[in-house]
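Just so you know, all these numbers are worked out from the coordinates, no wet-lab data involved. Predicted model, so just to flag it, every value in this text is computed and none were measured. Glycine also receives a Cβ, built like all others from the backbone with ideal geometry; neighbour counts cover every protein chain displayed.
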Amino acid sequence: MPHVIDRNHLNQLIRQRIAGGTSVAGLTEANGKRYFYRTISNPEKMVFDSGIMPFNSIKQFLFPQSEPICSYRCEGKDLIVSDAEPFVQEQVVFGVRPCDAASLPILDKVFAWDFQDRFYQQRRAKTTVVTLACKEADKNCFCTSVGLAPDTQAGADAMLLQIDAETFEVRTFTEKGAALFQGQTAESEKTGKTAEPPKTKFDAKRVELYLKEHFNESVFDHTSMRCVGCGGCTYVCPTCHCFDIVDEGGTAKGKRVKNWDACQFSLFTLHASGHNPRAEQPARQRNRVQHKFCIYPEKFGMILCTGCGNCTRVCTASLGIHPVLALLDQKAAGKN
Ligand code: SF4
Ligand code: SF4
């Protein structure tokens with residue numbers, strides 16, 4: 001039988017967690033149009049009726065935009081290096097879009113590959129993800145084209161499905177999710193709603209095979225004419241994970257910091273010699289598409305994209321990744 005929770009009980013549960021020292025984040029309204037995940041102190045501020053993906057992604061709670069990894073100081077002739085403190089605080093993120101949460105099992109692969117990234121892994125272990133099944137999709141959504149759905153379970157510890165303005169069905173998938181809602185729900189005949197899945201927009205396997213055979217594809221020469229290389233598409237993307245490491249401070253003391261970077265920036269691949277293997281935007285765009293739809297699937301067996309559509313929503317040129325994939329798929333199908 002389905003289990004449900006009403007908004008008052010949910011708020012109470014969140015207050016208890018915050019009082020117990022857990023950091024809680026959820027969707028909050030930003031400007032009346034779009035939403036942001038933010039750490040909250042008052043559950044009343046959380047929004048559970050927003051439609052599509054918010055502007056930011058859950059990745060910032062596991063892979064912050066800027067994070068110290070160690071500090072250093074000179075004492076006489078000695079250099080003392082101290083590791084950053086481990087991440088020990090429990091955190092819960094509520095209202096995560098299923099396409100956003102689905103990025104986590106994908107990112108797990110790269111952060112536990114040739115290097116075990118303890119920063120990501122510690123946060124992942126301490127984080128409980130509560131998704132909210134989508135109730136609507138917009139023209140930029142394409143989760144079904146990458147094998148997902150508006151109520152996909154990937155990456156979620158628990159899922160809320162809206163029954164009405166004040167009531168949610170609760171489904172739990174992991175021990176963390178079950179522990180969070182233990183004793184907080186009631187049995188009910190009612191079940192929550194999900195959006196009509198968006199129509200499949202391209203064949204991801206066909207695109208992957210085409211990319212493998214067509215490295216010097218001319219589509220990128222045309223589509224990248226619209227791109228200004230701002231990197232916005234990568235920052236809002238739940239699966240983009242490139243970072244740079246810089247030292248901040250002076251010779252006496254300072255810290256080493258890991259900062260988000262973006263493959264769409266011209267300096268991203270600039271070598272110290274002055275050579276840049278991706279000197280022009282078409283090569284940068286090709287890299288982003290190849291990485292997500294060809295290289296990552298080959299290496300890890302997963303597409304590095306969840307079809308959230310945020311890269312197109314944020315792009316001032318309405319580009320992002322889907323319009324490029326649609327053109328590639330047409331060529332792969334021999335229609336262009
Ligand atoms: S595709 Fe759009 S968002 Fe991405 S770098 Fe180009 S202009 Fe910026
Ligand atoms: S590439 Fe675009 S559609 Fe795919 S996960 Fe990233 S932001 Fe979402």
Consider all pairwise Cα distances in the range 210-275 and report the whole-number % of them above 15 Å.
70 percent
Take Ala317, project a point 7 Å from its Cα along the Cβ direction, then tell me which residues of the range 194-233 have their backbone nitrogen under 18 Å from it.
217-233
Counting only DSSP beta bridges with both residues in the chain, tell me the antiparallel percent, nearest 5.
80 percent
Net charge contributed by nearby residues that have their C-beta within less than 13 Å of Val257 (K/R +1, D/E -1)
-2
Would you be so kind as to identify which of Val92, Pro54, Ala317 lies farthest towards the positive end of the dipole of the chain, taking Lys and Arg as +1 and Asp and Glu as -1 on Cβ and the Cα centre as origin?
Ala317
Quick check on the exposure proxy: order Val146, Val96, Val88 from fewest to most C-beta atoms within 10 angstrom.
Val88, Val146, Val96
Which distance in nm do the two modelled labels at Leu270 and Cys230 give, with both placed 7 Å along the Cα-to-Cβ direction?
2.1 nm
What 222 nm value per residue comes from the helices of the chain, counting each DSSP H run with n ≥ 4 as -39,500 (n - 2.57) and dividing by all residues, nearest 500 deg cm²/dmol?
-7000 deg cm²/dmol
Karplus 3J(HN,Hα) series, Hz, for the range 166-177 with 6.51 cos²θ - 1.76 cosθ + 1.60 (x for Gly, Pro):
10, 10, 10, 6, 10, 10, 10, 10, 9, 4, 4, x
Evaluated over the chain, the Cα radius of gyration and Dmax, each in Å
21.5, 72
Over the chain, with a Gaussian network built from C-alpha contacts below 10 Å, which listed residue (Ala204, Ala84, Ala326) shows the highest mean-square fluctuation?
Ala84
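Run through every distinct alpha carbon pair of the range 80-193 and return the Kirkwood hydrodynamic radius in angstroms, one decimal place. Don't jump to the answer; show the numbers that get you there.
Values: mean 1/r = 0.0633 Å⁻¹.
Taking the inverse mean of 1/r over all distinct Cα pairs, the range 80-193 comes out at 15.8 Å.
Can you tell me the length gained on complete extension of the stretch Trp113 to Glu280, counting 0.36 nm per residue apart and subtracting the Cα distance? Mind dumping the intermediate values first?
Working: separation 167, 0.36 × 167 = 60.12 nm, distance 2.98 nm.
Extending this stretch completely gives an extra 57.1 nm.
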At 7 Å along Cα-to-Cβ for each site, give me the label-to-label distance between Asp6 and Cys242 in nm.
5.1 nm
For Thr39 and Leu209 in the same chain, what is the full-extension length gain: residue separation times 0.36 nm, less their Cα-Cα distance, in nm?
57.0 nm
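Considering all alpha-carbon pairs of the range 168-244, what whole percent are spaced by more than 21 angstrom?
When all Cα pairs of the range 168-244 are counted, 66 percent exceed 21 Å.
Tell me the relative contact order for the chain as a rounded percent, counting alpha carbon contacts under 8 Å between residues six or more apart. Write out the running numbers ahead of the final one.
Values: 635 pairs, mean separation 68.3, N = 336.
So the answer I get is 20 percent.
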Residue by residue through the range 149-154, which ³J(HN,Hα) values in whole Hz follow from phi under the Karplus form 6.51 cos²θ - 1.76 cosθ + 1.60 (θ = phi - 60°), with glycine and proline marked x?
7, x, 10, 4, 8, 3
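Please arrange Ile106, Ile18, Ile69, Ile80 by counting, for each residue, the other beta carbons lying within 10 Å of its beta carbon, fewest first. Don't skip to the answer; put the middle values down first.
Details: Ile106 21, Ile18 17, Ile69 14, Ile80 10.
Sorted ascending by nearby Cβ count, the order is Ile80, Ile69, Ile18, Ile106.
Per 0.36 nm of contour for each residue apart, how much would the distance between Glu136 and Gln330 grow if the chain were fully extended, relative to their Cα-Cα spacing? Mind showing how you got there, number by number?
On the way: separation 194, 0.36 × 194 = 69.84 nm, distance 2.69 nm.
Length gained, Glu136 through Gln330: 67.2 nm.
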Cross-link table Lys45/Lys109; Lys199/Lys335; Lys59/Lys139; Lys299/Lys331, entries beyond 28 Å C-alpha to C-alpha:
Lys45/Lys109
Using θ = phi - 60° and Karplus 6.51 cos²θ - 1.76 cosθ + 1.60, couplings along the range 70-81 (whole Hz; Gly, Pro as x)
6, 10, 9, 8, 9, 10, x, 9, 8, 10, 9, 10
Kindly provide the pair-distance distribution of the range 259-336 built from C-alpha pairs, with 10 Å bins from 0 and whole-percent values in order of increasing distance.
16, 42, 34, 8, 0
Taking only the alpha carbons of the range 1-127, what extent do you get along each of the three principal axes, in Å, biggest first?
63, 36, 31
